[in-house]
Amino acid sequence: ETAANVPIRTVCCIGAGYVGGPTAAVLALHNPHVRVVVVDRDQKRIDAWKGRHLPIHEPGLGDVVRAARDGTSDIEAGTEAARQPNLFFSTACIETIKEADICLISVNTPTKLRGVGAGRATDMAAFEGACRDVAMYAKPGCILVEKSTVPCKTGQLIKDIMEAHRPGVVFPVLSNPEFLSEGTAVRDLMQPDRVVIGSESTISGHRAAAALANLYAAWVPRSRIAPINIWSSELCKLAANAMLAQRISSINSISAICEKTGADVGEIAKSVGMDPRIGPQFLKAGLGFGGSCFRKDIASLTYLSESLGLPEVAAYWQQVLTMNNFQRDRFARHVIATLNNSLRGKKVTILGYAFKKNTGDARESPALDVIRILLEEGPKSIAIFDPLCSEADIKHELSVLEKDFAVCKPDGPVEVLQDPYTACADSNAVLVLTDWDMFKNTKPAPAPTKPTLAESYDGATPTGVLHITPKLEQTNLNSKPPTP
Ligand code: NAD
């Protein structure tokens, strides 16, 4: 009745980004007899996946890609035995879709910038485009998998698109949200807490879910593969991200009280986290969450709630975002206040641009919000150093500020430097905005003013640390940057 009856021989993954690339690579590694082809419209990205320098940095990713793509070694078995390459990267989207038994859609689903729901609703243009390509060119019975994070009920949208293009042809639709975190993507994919597979309660739905589950079962214990209803699956991804972000906003709200009372948020996080009902994870106060997912997924959840006639639910989750903005704002205002309420003629250094350590992803970094506020004060210069984010990516992100300010040199005050010491030279304030290990022991030398905000954060991996200092001691930066 459907292709789910036949074994899966070819997987097409549409979207070669932070999710598509690593997911496809791990899938290929563990299913050596399945051909996995990752397609993307972006020729440069595909060329990078084929080459020596992968387009994204993730610890361990190079080994997995090389093993599956080049057949260099069997890293799982720890031997150097050759294997047949079964991971391919291509821009030939249509040709690949035509051959596929299963298409994973892992394209970007950002927040809509304009029109109805701007700033909150999910922009489904790329996702719909990929679905249309599958609808028009896939073999009948090809299984379509939502890997991107999408609003609840997207499965219905896909079915409507399929029906409009190929009336009467069965294309089972599954939801298989990705829970990986950037910086630990390979580990998260190799040892997932759970693999959620949502399907419709029909025979073809169940068969399709079983076919996808079989691919995962090559390395994931069956007990961790959860077959659930498709709408639950779509919504559980938004719920998981919203609840993780909520913990960060919760502890940050407490940090604001700490700074006014002398309580220590690090001690509080530790004590609170010892309660097993709460647990210690995700309780680190700092600049708040960044990255391409948490904010947009909560925005999507609030929009969804409102469109379902649930404004109270929308308002509840909106507060998580409000708290996150407050934290950044508070930090930036504190920097300005500490520098006598003016940045005229002063230099500020920003150590760390990535939204968290071990990733080169510059999207939606807390640093952008801090820089926006600092620029209002007309600083002489803002020097940025990050061990992994490329200068081009950082400048691309900063370009959204251009409508209000001249940002980068020569017209504006901002420059991106390749060396942390040059970035810190003659600076009036050094702000640690990413929890990179290399900044962990960063201290002013000889500390003329004690770090202020730093005191209220747990010493392990603080962000939002402010040093008022002309220089950093050379020895205090662990000078080894991460290896790509
Ligand atoms: P990304 O922007 O890094 O990659 C998406 C890729 O899709 C881009 O390279 C783009 O060129 C390509 N693309 C878009 N439309 C296409 C089309 N029609 N045909 C071919 N290629 C197309 O995005 P990402 O960070 O990998 O995220 C992908 C999805 O996964 C999003 O929905 C995101 O919310 C979700 N997600 C992301 C993470 C994360 O940590 N980044 C984690 C879990 C889930």
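What number goes with the only condition from (1) of a type in the set (A, V, I, L, M); (2) more than 30 Å from Gln327 (Cα to Cα); (3) not in a strand (DSSP E or B) that Ala240 does not pass?
Only one criterion is unmet by Ala240, namely (2).
Out of all the residues in segment 301-311, is one or more part of a helix (DSSP H, G or I), in the same structural domain as Leu375 (by TED's automatic domain parsing) and among the charged types (D, E, K, R)?
Yes, segment 301-311 contains at least one residue that is part of a helix (DSSP H, G or I), in the same structural domain as Leu375 (by TED's automatic domain parsing) and among the charged types (D, E, K, R).
Does segment 148-161 hold any residues that are β-branched (Val, Ile, Thr) and away from the ligand (no atom under 13 Å from the Cβ), and which are they?
Ile158 - this is the single residue of segment 148-161 that is β-branched (Val, Ile, Thr) and away from the ligand (no atom under 13 Å from the Cβ).
Would segment 212-224 turn up any residue that is hydroxyl-bearing (Ser, Thr, Tyr), at pLDDT 95 or above and under 30 Å from Asp437 (Cα atoms)?
Within segment 212-224, not a single residue is hydroxyl-bearing (Ser, Thr, Tyr), at pLDDT 95 or above and under 30 Å from Asp437 (Cα atoms).
Output the qualifying pairs, or none if there are none: Cβ atoms under 9 angstrom, residues six or more apart or on different chains, first residue in segment 225-241 and under 15 Å from Ser300 (Cβ atoms), second residue among the aliphatic types (A, V, I, L, M) and in a helix (DSSP H, G or I).
So the pair list comes out as Leu235/Leu301; Leu235/Leu304; Leu238/Ile298; Leu238/Leu301; Leu238/Leu304; Ala239/Leu301; Asn241/Ile298; Asn241/Leu301.
Take segment 296-310 and flag every residue that is within 23 Å of Ser253 (Cα to Cα) and not charged (D, E, K, R).
Matches in segment 296-310: Ile298, Ala299, Ser300, Leu301, Thr302.
Quick one: Val145 ticks every box in (1) within 13 Å of the ligand (Cβ to nearest atom); (2) at positive phi bar one, so which box is it?
(2)
Hey, among the residues in segment 83-139 that are within 13 Å of the ligand (Cβ to nearest atom) and of a type in the set (D, E, K, R), which one's surrounded by the most Cβ atoms within 10 Å (Cβ to Cβ)?
Checking each candidate, the answer is Asp133.
State whether one or more residues within segment 15-23 are more than 16 Å from the ligand (Cβ to nearest atom), of a type outside the set (A, V, I, L, M) and in contact (Cβ under 8 Å) with a residue 40 or more places away in the chain.
So far as segment 15-23 goes, no, none of its residues is more than 16 Å from the ligand (Cβ to nearest atom), of a type outside the set (A, V, I, L, M) and in contact (Cβ under 8 Å) with a residue 40 or more places away in the chain.
Mind listing whichever residues of segment 27-48 are away from the ligand (no atom under 15 Å from the Cβ) and among the charged types (D, E, K, R)?
Arg35
Does Glu377 satisfy the condition of being part of a loop (DSSP other than H, G, I, E, B) and at pLDDT 95 or above?
So Glu377 passes the test.
List every residue pair whose Cβ atoms lie under 7 Å apart, where the two residues are 6 or more positions apart in sequence or sit on different chains, the first residue falls within segment 88-108 and is part of a helix (DSSP H, G or I), and the second residue, located anywhere, is small (Gly, Ala, Ser) and within 11 Å of the ligand (Cβ to nearest atom).
Hits for this filter: Thr96/Ser90.
Among the residues of segment 273-295, is any more than 16 Å from the ligand (Cβ to nearest atom), outside any loop (DSSP other than H, G, I, E, B) and at negative phi?
Taking every residue of segment 273-295 in turn, at least one turns out to be more than 16 Å from the ligand (Cβ to nearest atom), outside any loop (DSSP other than H, G, I, E, B) and at negative phi.
The rows are residues; the columns are (1) touching a His at 6+ places or on another chain (Cβ under 9 Å); (2) part of a helix (DSSP H, G or I).
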site: Ala315; (1), (2): no, yes
site: Gln327; (1), (2): no, yes
site: Ile350; (1), (2): no, no
site: Phe355; (1), (2): no, no
site: Gly360; (1), (2): yes, no
site: Glu364; (1), (2): no, no
site: Asp369; (1), (2): no, yes
site: Arg372; (1), (2): no, yes
site: Ile382; (1), (2): no, no
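Any residue at all in segment 134-152 that's under 25 Å from the mean Cα position of the chain (by Cα) and assigned to a helix (DSSP H, G or I)?
no
So Ile336 fits all but one of (1) of a type in the set (Val, Ile, Thr); (2) outside the structural domain of Glu377 (by TED's automatic domain parsing); (3) without any contact (Cβ under 8 Å) to a residue 60 or more places away in the chain; what number is the exception?
Here Ile336 meets the rest and fails (2).
Step by step: first the residues of segment 209-241, then only those that are under 20 Å from the mean Cα position of the chain (by Cα) and crowded, with 19+ Cβ neighbours inside 10 Å, then the one that is nearest to Phe289 (Cα to Cα). Which residue is that?
Within segment 209-241, the match that is nearest to Phe289 (Cα to Cα) is Asn241.
In segment 267-284, is there at least one residue being modelled with pLDDT under 95 and in contact with an Asp or Glu (Cβ under 7 Å, 6 or more places away or on another chain)?
Scanning segment 267-284 turns up at least one residue that is modelled with pLDDT under 95 and in contact with an Asp or Glu (Cβ under 7 Å, 6 or more places away or on another chain).
Does any residue of segment 82-96 turn out to be at pLDDT 95 or above and farther than 24 Å from Leu212 by Cβ?
yes
Taking the stated definitions as given, is Glu182 in the same structural domain as Ser106 (by TED's automatic domain parsing) and either out of contact with any Cys (no Cβ under 9 Å at 6 or more places or on another chain) or over 30 Å from Val64 (Cβ atoms) (or both)?
So Glu182 fails the test.
The values are calculated or read from the model by the stated rules, or taken from the named source; none is laboratory data. Quick caveat: nothing in here was measured; it's all calculated off a predicted structure. A quick note on method: Cβ atoms are made from the backbone with ideal geometry, for glycine too, and the neighbour counts reach across all protein chains shown.
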